[in-house]
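What follows is a single structure, written as structure tokens, with notes after it.
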Amino acid sequence: MTLADASFEGLNCIQLFCSTFCSSCHINCVTFPHPDIMPEQQLLKPSEWSYCDYFWADKKDSQGNNTVSGFEILLQKQLKGKQMQKEMAEFVRERIKIEEEYAKNLSKLSQNSLAAQEEGTLGEAWAQLKKSLADEAEVHLKFSSKLQSEVEKPLLNFRENFKKDMKKCDHHIADLRKQLASRYAAVEKARKALTERQKDLEMKTQQLEVKLSNKTEEEIKKARRKSTQAGDDLMRCVDLYNQAQSKWFEEMVTTTLELERLEVERVEMIRQHLCQYTQLRHETDMFNQSTVELVDQLLRKVDPAKDRELWVKEHKTGDIRPVDMEI
């Protein structure tokens, strides 16, 4: 094998790299299959719209200035969900305040002395109606108390350390992404070094064809060793890059599936407690209805004639009617 032929051995590494490099595209240090060459990938969880299938690429933020990773978008979704949960608890707290104030006003009104002198069957119905307000006030107080213990408090206490946990998760994936970017930079550096070594080898090979000398041959051997070493360095960097990307990929799948599980759990938790709210609301309506049942019964018994009889018996002044005067 001549030195000229041997010089082409240095092309093997760079040709192998270039063939792999051209069959893929690189976006923000992540390697994706080239859409024009590679076949369409199968989803990891088909038909489920899973987080692990749709958040691999980065995208521009709402202002279009900065790039946001797919994982960061998922984290924002989680933190937004936590905030929505907090705001729901605040909403329920306002509902509780309304119930408490309403109960207070009902209780106060039930003690009002207006029309307290009404008599007879109508007076009984009126007195019961006022008493029903006190009963209704008690119902609303119990409703507000249950709202606090069975709806508001669970919403507030669910995953108290959630933000801290998400921050740890964010740092973990971000560190893997930084390592991937570092490995990618090393690959680019090694690729440029190989290209320079190859150019140097080709130049010295051309010089050999023009002028054969021992010095030129030694320089070619030295250039070939450096080119081979640069190729080995490139392959080593590519291997380290692929290891880093594989680790990032595995952690992304695991973590996004965990975020998916947490979101399902959050939605189910809120749904259950909102169902509890509606159940308490139905019970309150039922109890409120029971407070006016006796009022309804007494109202049906209101009898003007009976009231007149009772009132006359109590307040009559005499049943002897006047007669004509006689001379």
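The values are calculated or read from the model by the stated rules, or taken from the named source; none is laboratory data. Here the structure is a predicted model, which means the values were calculated and not measured. Please note: Cβ atoms are built from the backbone with ideal geometry, for glycine as well, and neighbour counts cover all protein chains shown. Ligands, DNA and RNA are excluded from the accessible area calculation, which covers all protein heavy atoms including side chains. Shrake-Rupley method; radii C 1.70, N 1.55, O 1.52, S 1.80 Å.
Here are a few things to note about the model shown:
- Residues in the stretch 297-318 that are assigned to a helix (DSSP H, G or I) and exposed (fewer than 12 other Cβ atoms within 10 Å of the Cβ): GLN297, ARG300, PRO304, ALA305, ARG308, VAL312, LYS313, GLU314, HIS315.
- Per-region count, the stretch 42-70, residues farther than 20 Å from GLU263 by Cα and modelled with pLDDT of 85 or more: 9
- The lone exception for ARG159 - which of (1) part of a helix (DSSP H, G or I); (2) open to solvent by less than 70 Å² (accessible area, probe 1.4 Å) it fails: (1)
- The single condition among (1) modelled with pLDDT under 95; (2) crowded, with 19+ Cβ neighbours inside 10 Å that MET252 does not satisfy is (1).
- Residue within the stretch 133-154 that is over 30 Å from LEU75 (Cβ atoms), assigned to a helix (DSSP H, G or I), open to solvent by 90 Å² or more (accessible area, probe 1.4 Å) and aromatic (Phe, Trp, Tyr) present: no
- Out of LYS97, LYS130, LYS104, LYS108, sole residue that is more than 30 Å from LYS167 (Cα to Cα) and buried (at least 17 other Cβ atoms within 10 Å of the Cβ): LYS130
- Close pairs (8 angstrom Cβ cut-off, 6 or more residues apart or separate chains): closer than 22 Å to GLN229 by Cα and open to solvent by less than 90 Å² (accessible area, probe 1.4 Å) in the stretch 198-217, hydroxyl-bearing (Ser, Thr, Tyr) and modelled with pLDDT of 80 or more anywhere: GLN198/SER227; ASP200/SER227; LEU201/SER227
- Every residue from the stretch 47-61 that is surrounded by 16 or more Cβ atoms within 10 Å (Cβ to Cβ), in a loop (DSSP other than H, G, I, E, B) and not hydrophobic (A, V, I, L, M, F, W, C): SER50, ASP58
- Filter result for GLN276 (closer than 24 Å to GLN85 by Cα and in contact (Cβ under 8 Å) with a residue 12 or more places away in the chain): yes
- Residue match in the stretch 221-229 (condition: farther than 30 Å from GLU150 by Cα, within 51 Å of the chain's Cα centre (by Cα) and either open to solvent by 80 Å² or more (accessible area, probe 1.4 Å) or not small (Gly, Ala, Ser) (or both)): yes
- Qualifying residue in the stretch 34-46 (condition: open to solvent by 50 Å² or more (accessible area, probe 1.4 Å), touching a residue at least 60 places away in the same chain (Cβ under 8 Å) and assigned to a strand (DSSP E or B)): no
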